[in-house]
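K.L.:
Handing you a structure now.
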Amino acid sequence: MRILVTGGAGFIGSALVRHLVNEIGAEVLNVDALTYAGNLASLKSVEAAPNYQFLRADICDHARMQEAFASFRPDIVMHLAAESHVDRSISGAADFIQTNIVGTFSLLDAARHYWDRLDACSKSAFRFLHVSTDEVYGSLGDQGLFEETTPYDPSSPYSASKAASDHLAIAWHRTYGLPVVVSNCSNNYGPFHFPEKLIPLMILNALEGKPLPVYGNGANIRDWLYVEDHARALFTIASRGRLGEKYNVGGRNERRNIDVVHRICAILDGVYQDKGPHARLITNVTDRPGHDARYAIDASKLESELGWKAQETFETGIEKTVQWYLENEWWWRPLRENVYSGERLGVFKGR
Ligand code: NAD
Ligand code: DAU
């Protein structure tokens, strides 16, 4: 089985590539532009594997995407390449529009061109998984869950760009018959998570005795999924999901942000008893503009139709994650020193 993964040097993409290369034994071509968020160090464990190849290319470059399809001849495409950070999309949306919308169009079009010319058997076996987010659904109140039928209502430039790309992917199925399936997942966490996102930022700031910036009052709720559970879900959906359908992915792990931060502090207090309590570093800061109050996923379609289930609870996953950052300074230290050192993003005057 030949799988073309886009964004495989990112957080979820690298977990997926490790899963496909090591556990599934697929032939993988990882197509990634290596933006600030792409990091080949996350792929050290597979870089020498005979079933792994890397192509540095921008998905917006239509000619290069066509060449990649023609030379690699994938059976499955798993499209993860994106600009993914809400705060950066508030500071400047141009890259989000370009990669998430124009880039997805470019990839869909290259895929259609390739798929149209396959023989009947390969054509009917081909799959294009478009990987998306629960943020396209907007914000929940205290009750209810996001279902696949929940109307789209994105709040940020990031989620609006992902919503647009979801519509493009489904349109390529309905109009051209391209065998597309879409997944919408909740917040991921785990090893190799770029330290601009809540959980790695809190772990690394706490280790360095820096403030832990909680937006607003910290009562916003996210539904956390361990990244390796997501990687398994993605392969399940790509290989067995029904065409033209969407599948929500989540682990039923809703937590308030403030409780997540307290849990990280408590784990670190247990490791570094002389440096605690780390919770003294928690600092309430200006809220994120357009901050969604609550995300919570109903993953029963994926669970009942395709038999996937999250293996980690938040309690087991967060212990593993903190431990991973303690043991892997070689991975995060260069990022903190050379790429992003933790300054606040996504606030602007007048808000
Ligand atoms: P990430 O930011 O860690 O990685 C994105 C990867 O895409 C990077 O390797 C980057 O170099 C690459 N990339 C960016 N622009 C590109 C371009 N123009 N051409 C080629 N490669 C490019 O993102 P992530 O957190 O791993 O998210 C992966 C996907 O999953 C995204 O589509 C995101 O919307 C979606 N998603 C993320 C989460 C989450 O919690 N992180 C949850 C649900 C869905
Ligand atoms: O829900 C899925 C989405 O989850 C993905 O589509 C996105 O790609 C991914 O980045 C993530 O988006 P969030 O905005 O939810 O993640 P982030 O880690 O940026 O923030 C999580 C919550 O923590 C959110 O409510 C904002 C808050 N936060 C974040 C940071 C970085 C803080 O309170 N302080 C912070 O410093």
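The values are calculated or read from the model by the stated rules, or taken from the named source; none is laboratory data. Quick caveat, the model's predicted, so the values are computed rather than measured. So basically every Cβ, Gly included, is an ideal-geometry build from the backbone, and we count neighbours across all protein chains shown. When the accessible area is computed, the model is the full protein with side chains, heavy atoms only, and any ligands, DNA or RNA have been set aside. Shrake-Rupley method; radii C 1.70, N 1.55, O 1.52, S 1.80 Å.
K.L.:
Give me the net charge for the shell around G25: Cβ to Cβ below 13 angstrom, other residues only, Lys and Arg +1, Asp and Glu -1.
P.N.:
Neighbour charge sum, excluding G25 itself: 0.
K.L.:
Hey, another quick one. Distances over 18 Å make up what percent of all Cα-Cα pairs in region 4-51?
P.N.:
Numbers: 174 of 1128 pairs.
Cα-Cα pairs of region 4-51 separated by over 18 Å account for 15 percent.
K.L.:
Moving on. Build a GNM of the chain with springs between Cα atoms under 10 Å: which of V17, V77, V271 gets the top mean-square fluctuation?
P.N.:
Ranking V17, V77, V271 by mean-square fluctuation puts V271 first.
K.L.:
To continue, here is another question. Taking 0.36 nm per residue of sequence separation and subtracting the Cα-Cα distance, how much length would be gained by fully extending the chain between V285 and E23, in nm to one decimal? Each step should come with its number before you reach the end.
P.N.:
On the way: separation 262, 0.36 × 262 = 94.32 nm, distance 4.23 nm.
Additional length available on full extension: 90.1 nm.
K.L.:
Dividing the alpha-carbon radius of gyration of region 140-244 by 2.2 N^0.38 Å (N being the number of residues), what value is obtained?
P.N.:
Details: Rg = 17.1 Å, N = 105, 2.2 N^0.38 = 12.9 Å.
For region 140-244, the normalised Cα radius of gyration is 1.33.
K.L.:
Packing-wise, with mean Cβ within 10 Å as the measure, how do 55-63, 143-151 rank, highest first?
P.N.:
55-63, 143-151
K.L.:
Further question on the same structure: Using modelled backbone amide H atoms (1.01 Å from N, in-plane), which distant-in-sequence or interchain residues come within less than 5 Å of Y215's amide H?
P.N.:
Hits under the 5 Å cutoff: V285.
K.L.:
Okay, moving on. Ignoring everything except DSSP H segments at least 4 long, calculate the 222 nm mean residue ellipticity for the chain; use -39,500 (n - 2.57) per segment, divide by total residues, nearest 500.
P.N.:
Taking each H run of at least 4 residues, the total per residue is -11500 deg cm²/dmol.
K.L.:
How big is region 287-351 on each of its three principal axes, counting only the C-alpha atoms and giving the largest first in Å?
P.N.:
Sorted largest first, the three principal extents are 45, 39, 19 Å.
K.L.:
Could I ask something else about it? If the chain between A266 and A49 were fully stretched, how many nm would it gain, using 0.36 nm times the residue separation less the Cα-Cα distance?
P.N.:
Working: separation 217, 0.36 × 217 = 78.12 nm, distance 3.87 nm.
Fully extending the segment from A266 to A49 adds 74.2 nm.
K.L.:
In region 196-311, if every C-alpha pair distance is counted and binned at 5 Å from zero, what percent goes to each bin?
P.N.:
Reading the bins upward from 0: 2, 11, 18, 17, 14, 13, 11, 8, 4, 1, 0, 0.
K.L.:
So, in Å, what gap is there between the alpha-carbon centers of region 96-158 and region 41-61?
P.N.:
22
K.L.:
Now for a different question. Given F11, I282, W324, which one lies farthest toward the positive end of the charge dipole of the chain, if we put +1 on the Cβ of every Lys and Arg and -1 on the Cβ of every Asp and Glu?
P.N.:
Projecting each Cα onto the dipole axis, the largest value belongs to F11.
K.L.:
Using alpha carbons only, how many degrees (0 to 90, rounded to 10) separate the axis of helix 227-240 from the longest principal axis of the chain?
P.N.:
Between the helix axis and the principal axis of the chain, the angle is about 20 degrees.
K.L.:
For region 129-201, taking Cα atoms only, what is the radius of gyration to one decimal and the Dmax to the nearest whole Å?
P.N.:
Rg, Dmax (Cα atoms, Å): 14.1, 43.
K.L.:
What is the Cα coordinate range of region 160-220 on the first, second and third principal axes, sorted by size from largest, in whole angstrom?
P.N.:
Projected onto its principal axes, the Cα set of region 160-220 covers 55, 26, 15 Å.
K.L.:
To the nearest µm²/s, what D does Stokes-Einstein give for region 43-171 at 37 °C and 0.692 mPa s, using the Kirkwood radius over alpha carbon pairs as Rh?
P.N.:
Values: Rh = 16.4 Å.
D, rounded to a whole number, is 201 µm²/s.
K.L.:
Here is a follow-up. Reported to two decimal places, what Rg/Rh ratio describes region 1-103 when computed on Cα atoms with Rh from the Kirkwood expression?
P.N.:
The Rg/Rh ratio comes out at 0.98.
K.L.:
Further, regarding this structure: Given region 108-161, report the % of alpha carbon pairs whose separation exceeds 16 Å.
P.N.:
The calculated P(r) of region 108-161 puts 59 percent of pairs beyond 16 Å.
K.L.:
On to the next question. What ranking do 241-249, 153-161, 212-220, 3-11 get when scored by the average of other Cβ atoms within 10 Å per residue, highest first?
P.N.:
For the peptides 241-249, 153-161, 212-220, 3-11, the packing ranking is 3-11, 153-161, 241-249, 212-220.
K.L.:
Give me the distance in nm between label points sitting 7 Å out from Cα along the Cα-to-Cβ direction at Q273 and E337, one decimal.
P.N.:
That separation, rounded to one decimal, is 3.2 nm.
K.L.:
Cα gyration tensor of region 263-316, axes a ≥ b ≥ c as square roots of the eigenvalues: rounded (a/c below 1.5), prolate (a/b > b/c) or oblate? Write down the numbers at each step before the final one.
P.N.:
Values: a/c = 6.92, a/b = 1.55, b/c = 4.48.
Verdict is oblate for region 263-316.
K.L.:
Give the residue from P154, S124, Y36 lying farthest towards the positive end of the charge dipole for the chain; charges sit on Cβ (+1 for Lys and Arg, -1 for Asp and Glu) and the dipole is referred to the Cα centre.
P.N.:
Ranked along the dipole, the leading option is Y36.
K.L.:
State the Cα centre-to-centre distance between region 255-314 and region 228-249 in whole Å.
P.N.:
24
K.L.:
Charges on Cβ only, +1 for Lys and Arg, -1 for Asp and Glu, centred on the Cα centroid of the chain; of H85, I267, L243, which one is farthest towards the dipole's positive end?
P.N.:
Farthest towards the positive pole: H85.
K.L.:
Could you tell me the accessible area of R255 in Å² (1.4 Å probe, neighbours in place), rounded to the nearest ten?
P.N.:
For R255, the solvent-accessible surface is approximately 60 Å².
K.L.:
Quick one, can you get me the convex hull of the C-alpha atoms of the chain expressed as volume per residue in Å³? If you can, show how the numbers build up before the last one.
P.N.:
Values: hull volume 45.6 nm³, N = 351.
With only Cα atoms used, the chain gives 130 Å³ per residue.
K.L.:
Treat every Asp and Glu Cβ in the chain as -1 and every Lys and Arg Cβ as +1, leave all other atoms uncharged, and give the resulting dipole magnitude about the Cα centre to the nearest 20 debye.
P.N.:
Working: 36 positive and 43 negative charges, 49 e Å.
Magnitude of the dipole: close to 240 debye.
K.L.:
Further question: From the phi of every residue in region 16-22, what ³J(HN,Hα) in whole Hz does the Karplus formula 6.51 cos²θ - 1.76 cosθ + 1.60 yield, where θ is phi - 60° and glycine or proline is x?
P.N.:
Karplus-based 3J(HN,Hα) across region 16-22 equals 5, 4, 4, 5, 5, 6, 8 Hz.
K.L.:
Which value, in debye to the nearest 20, describes the size of the charge dipole of region 116-273 about its Cα centre when Lys and Arg Cβ atoms bear +1, Asp and Glu Cβ atoms bear -1, and nothing else is charged? List each step's numbers first, then the result.
P.N.:
Numbers: 16 positive and 18 negative charges, 76 e Å.
That gives a dipole near 360 debye.
K.L.:
Moving on. With +1 assigned to the C-beta of every Lys and Arg and -1 to the C-beta of every Asp and Glu, and no other charges, what is the dipole magnitude of region 206-350 about the Cα centre in debye, to the nearest 20? Intermediate values should be presented prior to the final figure.
P.N.:
Values: 21 positive and 21 negative charges, 80 e Å.
Using only the charged Cβ atoms, the result is roughly 380 debye.
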